[in-house]
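Below: the structure, in structure tokens.
The values are calculated or read from the model by the stated rules, or taken from the named source; none is laboratory data. Owing to the predicted nature of the structure, the values given are computational and were not obtained by experimental measurement. Cβ placement follows ideal geometry from the backbone for every residue including glycine, while neighbour counts extend to all protein chains displayed. The protein model used for the area step is the full one, side chains on, heavy atoms only, and it has no ligands, DNA or RNA in it. Shrake-Rupley method; radii C 1.70, N 1.55, O 1.52, S 1.80 Å.
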Amino acid sequence: MLQRLLLTISVVFTFASCNNDDQRIQPKVGSITESVYASVTLQPEGLYSAYAAASGIVAEIYVKEGDAVQRGGRIMQITNDAPQLNMENARLALELARNNYKGRSAVLKELEKEIEVATLKLKQDSINFFRQKNLWQKNIGTQNEYDARKIAYEMAQSNLLALENRYERSKNELETQLRQAENTYRTALIATDDYTVTSKIEGKVYDVLKEPGELVGPQEPVASIGSAEDFVIKMLIDEVDIARVKLGQRVLITLDAYGNRVFEGELTKIYPQKNERTQTFTAEARFSKPPGTMYPGLSGEANIVVEHKENALIIPRSYLINENAVKTDQGVVEVETGLYSMDEVEIRSGLVAGTYIYKP
């Protein structure tokens, strides 16, 4: 009985010793990378919601989901007869003003002819007057003939001056009327354009939110449009980590749609405003080599590399005690930690390579 008990104790002791040896390791020297975690959503570059500038009924939709669209390309037409009628009236008024100012039957053409006739008459009356004046100085002719020639000459001068003033006044009035008609027509065109929803970028239509016959207003989007090829990586970063994130840092991305494949990118933008609801900051990254196929809304995870170090003394994080100590053959000793990865930690001081440590 005693021998059986001693054998049992020996077996238990041997097992415990083996188990303890299994939990004993030595620090290793290698590279360690510290990163910041972020949740990821893919979004097309320049994605925006298109709105109608005026209220009305959807008359026609020119695109469907997945269609390519050019900058300024039509997306849908909103019906409203009043702007169209105003535009047509403004066009007719512009044509009339333009014809009055520049056309063959323009008012200025008639005044130019009258000025031409008045100029000829003034020239003739001038000749007659100075001829009669020379004769009168030689006591040839009568006082009445001299006075009549003088009056005719002065009246011709006054008539020509009045016609020239009238011409300038009419010209200014017609120019003003033409400019006003042009402005009215441009305003009418803008009002008409408000009823045609167009794309602001060259890209792809990702969503059409209205159907023909539906009522639309300026407060509700009618379509979503973004880049057809370029995507940005939208990342949500916890506020406790945002101070360590900087532009240009390397980003490692995994997408649920691509399993365990890891894609590399670069941090390109950090939004300064915190989302109070989620207590996160938003950042953007770009793929160094993007996946072959991308869709808006693809989700995944990212690790932003904030620091990397070679030839570091590294132990598993599970061997740390209270984040600042490890268990050795000499007991618990304090250590100074450095970089942290997901599973490992750098030991900067308090421990040397070759020392056995035990998992707590």
Across region 347-360, in residue order, what do the Karplus-derived ³J(HN,Hα) couplings come to in whole Hz, using 6.51 cos²θ - 1.76 cosθ + 1.60 with θ = phi - 60° and x for Gly and Pro? 9, 8, 7, x, 8, 10, 5, x, 7, 7, 10, 10, 6, x
For the chain, what is the calculated [θ] at 222 nm in deg cm²/dmol (nearest 500), taking -39500 (n - 2.57) for each run of four or more DSSP H residues and dividing by its residue count? -12500 deg cm²/dmol
Based on the Cβ-Cβ distance from ASP230 to SER341, what FRET efficiency comes out when R0 is 35 Å, to the nearest 0.05? 0.65
For region 250-300, dividing by residue count, accessible area per residue (probe 1.4 Å) in Å² works out to 63
Label-to-label distance, nm, for residues given as GLN143 and LYS113 (7 Å Cα→Cβ offset): 4.3
I'd like to know how region 123-264 sits against the 2.2 N^0.38 Å rule of thumb: what's its Cα Rg over that expected value? 2.83
For ALA325, the residues 5 or more places away or on another chain with a placed amide H closer than 5 Å to its own amide H are VAL335
Working with all protein chains in place, sort ILE61, ILE304 by solvent-accessible area computed with a 1.4 Å probe, largest first. ILE61, ILE304
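Using the alpha carbon gyration tensor of the chain, what are the three equivalent-ellipsoid semi-axes (square root of 5 times each eigenvalue), largest first, in whole Å? Please list the in-between numbers first.
Working: eigenvalues 1857, 152, 38 Å².
Over the Cα atoms of the chain, the semi-axes work out to 96, 28, 14 Å.
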Starting from 0.36 nm per residue, how many nanometres of slack lie between GLU154 and VAL262 once their C-alpha separation is accounted for? 29.0 nm
Convex hull volume of the Cα atoms in region 244-360, per residue, in Å³? 164
With the crude spin-label approximation of a point 7 Å out along Cα→Cβ, what separation in nm comes out for GLU164 versus ILE270? 7.5
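Could you sort out which of LYS102/LYS171; LYS28/LYS327; LYS109/LYS171; LYS289/LYS309 sit more than 19 Å apart by Cα distance in this structure?
Values: LYS102/LYS171 10 Å; LYS28/LYS327 16 Å; LYS109/LYS171 10 Å; LYS289/LYS309 25 Å.
As for pairs spanning more than 19 Å Cα to Cα, those are LYS289/LYS309.
Please report the relative contact order for the chain, taking Cα pairs under 8 Å with a sequence separation of at least 6, and give it as a percent rounded to a whole number.
On the way: 662 pairs, mean separation 109.2, N = 360.
Reported as a whole number, the value is 30 percent.
Rounded to whole Å and sorted largest first, what semi-axes of the equivalent ellipsoid does the C-alpha gyration tensor of region 252-318 yield via the square root of 5 times each eigenvalue?
24, 20, 13
What FRET efficiency comes out for the pair GLU334/VAL305, r = Cβ-Cβ distance, R0 = 22 Å, nearest 0.05?
Details: r = 29 Å, r/R0 = 1.30.
Once rounded, the FRET efficiency stands at 0.15.
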Subtract the Cα-Cα distance of SER39 and ILE321 from 0.36 nm times their separation in residues, and report this length gain in nm to one decimal. 98.6 nm
